[in-house]
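Notes for the one structure printed next.
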Amino acid sequence: MWYYYLLFLLGYPLMGAMLGWFTNYLAVKMLFHPKEPFTIFKFWKFKGITFQGIFPKRQKQIAIQIGKVVADELLSIEDIKDKVVTKESMDNIYAQVEVKMDNFMQGRMIEKFPFLSMLASRKLKMDIRNQMLDEVKVQLPDMMDKYIQHFEENLDIQEMITEKFSELSTDRLEQVMNDILSKEFKFIEILGGVIGFIVGLIQGGIACLMI
């Protein structure tokens, strides 16, 4: 009689743990597999039952939702403008223009306008340089605003994100999701085994009480 108790108290929990783990393992795998539609029980007028992984099947819908969330809540043209058109960025651009201007005045200007370079005094050259840099400094904010406006008119963040996500191969999509959620997927599998073990233990206990 004792071996019945042993069978119930060990067999049920072990079987429950295996079933619980396998069920959750299968559920995780079915997020990505099968990658192509797979139909079973198809005959005559019955169309059968078609299986496909959730992410491959819903990739376009997921891409649209991700694109919408990114464009509406995470990254807008205004956010880009706030990051690009700042005093620090303006100063950095102006400094680069100043370096380019000095290089031009000291090198390419002599090559392109040798006669003018010979006649112009150093003071006159510096006056021309400073006047041009002052004009750049005045015009730069307006130029950046127009650039951002052109950027806004020609860039659809939602469409871009949606298109890029839709173009991901199913293999790459699975790799990305596993890189992000591998620990969570493993936890789900283990949790299935633990719950299955507990349920099996309860069933085994009930079976023992009924002997």
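The values are calculated or read from the model by the stated rules, or taken from the named source; none is laboratory data. For clarity, every value in this text was computed on a predicted model and none was experimentally measured. All Cβ positions, even for glycine, are placed from backbone atoms using ideal geometry, and neighbour counts span all protein chains on display.
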- Residue check, Gly107 within 30 Å of Met144 (Cα to Cα), more than 26 Å from the chain's Cα centre (by Cα), loosely packed, with under 13 Cβ neighbours inside 10 Å and modelled with pLDDT under 75: yes
- Message: For the condition charged (D, E, K, R), modelled with pLDDT of 80 or more and closer than 20 Å to Lys183 by Cβ, what is the one hit in Lys29, Lys35?
- Response: Lys29
- Query: Mind checking which residues of the range 30-50 are free of Cβ contacts under 8 Å to residues at least 60 places away in the same chain, touching a helix residue (DSSP H, G or I) at 6+ places or on another chain (Cβ under 9 Å) and either surrounded by 13 or more Cβ atoms within 10 Å (Cβ to Cβ) or not in a loop (DSSP other than H, G, I, E, B) (or both)?
  - Reply: Met30, His33, Pro34
- Out of the range 80-106, which residues are over 24 Å from Ile157 (Cα atoms) and either touching a strand residue (DSSP E or B) at 6+ places or on another chain (Cβ under 9 Å) or polar (S, T, N, Q) (or both)? Asn92, Gln96, Asn103, Gln106
- Message: Filter the range 53-88 down to the residues that are within 26 Å of Pro141 (Cα to Cα) and either at pLDDT 75 or above or outside any helix (DSSP H, G or I) (or both) and list them by number.
- Response: Ala71, Leu75, Ser76, Val85, Thr86, Glu88
- Query: Do the conditions hold for Phe8, that is, is it modelled with pLDDT under 85, over 18 Å from Glu167 (Cα atoms) and either among the acidic types (Asp, Glu) or surrounded by fewer than 13 Cβ atoms within 10 Å (Cβ to Cβ) (or both)?
  - Reply: no
